[in-house]
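Read the structure below first, then the notes.
The values are calculated or read from the model by the stated rules, or taken from the named source; none is laboratory data. Since the structure is predicted, the reported quantities are computational estimates derived from the model, not experimental observations. Because the Cβ atoms are built from the backbone with ideal geometry, glycine has one as well, and the counts that use them run over all protein chains shown.
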Amino acid sequence: MWGYLRVCAHLFLCMLAYYVKWHMTEAWRPLVFADEDEARHDERDPVAAATRSEAALEKVASKQLGDGSPAHVGVTTPRPQARSSRSTPRPMPSSAPPSI
């Protein structure tokens, strides 16, 4: 019985993750280097190699969106200042019990 419930829960979580990923991809489509021409996407040959539209090529060349804001690739990489912090781990005293 537990095996069946775990499989169902795993399937549910996988489908939920896929659903969230799909919605986030659609929501972020204008912000990244993705082709936004849906009509062209529906008419293309599924066997032929994919080609970008003129608008997508312009977005890639200028690295800017239509309103002038910068386009991003995936998740924007952190600025160098954000990576310049240094944290040094300190060992816990051996006499103190570990706390959670």
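Before moving on, here are some points about what is shown:
- Taking the range 5-27 as the range and being exposed (fewer than 10 other Cβ atoms within 10 Å of the Cβ) and either within 24 Å of E38 (Cα to Cα) or among the basic types (K, R) (or both) as the test, only A27 passes.
- Residue in the range 28-37 that is at pLDDT 80 or above, aromatic (F, W, Y) and surrounded by 10 or more Cβ atoms within 10 Å (Cβ to Cβ) present: yes
- Looking only at residues of the range 1-48 that are in contact (Cβ under 8 Å) with a residue 12 or more places away in the chain and not in a helix (DSSP H, G or I), we find that the one that is nearest to K59 (Cα to Cα) is F33.
- When restricted to residues that are of a type in the set (D, E) and under 10 Å from D35 (Cα atoms), the range 45-62 contains 1.
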